[in-house]
1. Of the heavy-atom accessible surface of chain C (probe 1.4 angstrom), what whole percent is carbon and sulfur?
2. Rule-of-thumb check for segment B:81-143: C-alpha Rg over 2.2 N^0.38 Å?
3. Quick one: which of C:139-147, A:99-107 comes out on top by average Cβ neighbours within 10 Å, and what's the full order, highest first?
4. Once the Cα atoms of helix B:9-39 and of chain B are each reduced to a long axis, what angle between those two axes, in degrees from 0 to 90 to the nearest 10, is obtained?
5. Specify, for chain A, the residue whose C-beta is closest to the rotation axis mapping it onto chain C, with the distance given in whole Å.
6. Give me the percent relative contact order of chain A, please, defined on Cα pairs under 8 angstrom at least 6 residues apart.
7. With a ≥ b ≥ c taken as the square roots of the eigenvalues of the C-alpha gyration tensor of the protein assembly as shown, please select rounded if a/c is under 1.5 and otherwise prolate if a/b is larger than b/c or oblate if it is not?
8. Can you work out the accessible area per residue across segment A:8-155, with the rest of the protein chains kept in place, probe 1.4 Å, in square angstrom?
Amino acid sequence: MDALSLHNPVFATYAQAASVMILKAVGMSWLTVIRMMQVGGGFRAPEDLRATPLNPVPRPGQLAPDERVERIRRIHLNDLENLPFFLVAGLLYVFSSPSLRVARWLFWSYVVTRLAHFVAYLTAQAHDVRAALWTVGSLILIYMAIASLAAALIQ
Amino acid sequence: MDALSLHNPVFATYAQAASVMILKAVGMSWLTVIRMMQVGGGFRAPEDLRATPLNPVPRPGQLAPDERVERIRRIHLNDLENLPFFLVAGLLYVFSSPSLRVARWLFWSYVVTRLAHFVAYLTAQAHDVRAALWTVGSLILIYMAIASLAAALIQ
Amino acid sequence: MDALSLHNPVFATYAQAASVMILKAVGMSWLTVIRMMQVGGGFRAPEDLRATPLNPVPRPGQLAPDERVERIRRIHLNDLENLPFFLVAGLLYVFSSPSLRVARWLFWSYVVTRLAHFVAYLTAQAHDVRAALWTVGSLILIYMAIASLAAALIQ
């Protein structure tokens, strides 16, 4: 059977987890937009001070950083540092022919800890909570990359 | 037929669109370099103030942000927030066996609106133009991720 | 033979190079954590000033940028601008059926110049050294994307 086929349950699990993580990352962009509209600021481009239907009454302070927007940007950057590598490491890991049981644990633990990391960061939990949740995902990522490397080396 | 084969026209379309988007992203790095050399500044590392063949006469202000460089960096960051996820979502979407007609529309609309977003941002068009172009691409990305998730769940 | 199989030596080479690059990127996150703990600062979230087991005696300056941490963040951002695109361009390049000899040269030259770029940036070598190493990787990336585009267009 092909490794990359939705009939391979390991790949199907990967495809599910990867789709959820992609939606999560895209959601951060939308959350940034929502916060910028709520706050009426946190913009970055000078031309955003021109009056438009979405910003009818501009004011100079709109280009200043706003913590409610910056918080979402920090969460987003953390996603950019993690998710693209999970998306490719997970795909390569499928080729190492892991057991379905282990693969499911790894993929869904990654998704759950990333979503919990988001909630912890959004609600400004103590640093150590955020760090612990990030660490689980990062260790899963390292494990999958090493398993993929090993499988590719011994072929 | 294998989903991932250039003989599959949906995958071939994906491979074309993905290659163009990769070249676009890499082009942002080069555009940053070009702008930094034109401006003679916008550098970020303290060691960039040492005299070298590429920077024969350093001056302290070279580490200050320069809007002509920062604009390219903002466009680049917007790419980092979008393109890696398009690249993987598009690949997963191929496995959902979409019609070639729909897949072509989605892939090329994504490419065209991202290139238009670049032109709008580079030329400092009003925020709403940029936002509208970004929104089309983001909705395509969300649609592809949901279609991929659905296809992986029903297998 | 399937293009995407570890029995295809071009894909196996890609999988090895990709895994190493993923581990490199994840390593940047850990290096940021290590530096923040060494420095006892360079934090970004306001809640990181709360006393926790990992930060028992907070002080206000911990949120100020610290060059030893910022240097790692700049290296990391450079990875985010390059590695996700290499990971996908490399995968697409496998479908263009390159010779194993050429593919090995490209994949490993990319890995070696990226690791050398890291060392050059970490040790604050002159800008031109860093630029030269980055340029090699970027040209490899451009070559692979163009080869993939050409292969997808002529099918």
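1. Answer for chain C: carbon and sulfur cover 67 percent of the accessible area.
2. Normalised by 2.2 N^0.38 Å, the Cα Rg of segment B:81-143 equals 1.18.
3. Taking the mean over residues of other Cβ atoms within 10 Å, the ranking is C:139-147, A:99-107.
4. The angle comes out at about 10 degrees.
5. Taking Cβ atoms only, the nearest residue and its distance are A:Pro84, 2.
6. Over chain A, the number comes to 27 percent.
7. rounded
8. 40
The values are calculated or read from the model by the stated rules, or taken from the named source; none is laboratory data. Predicted, not measured: the structure shown is a model, and the values here were computed from it. Here Cβ is always computed from backbone atoms with ideal geometry, including for glycine, and neighbour counts include all displayed protein chains. Quick note on the areas: whole protein, heavy atoms, side chains included, nothing else; ligands and nucleic acids left out. Shrake-Rupley method; radii C 1.70, N 1.55, O 1.52, S 1.80 Å.
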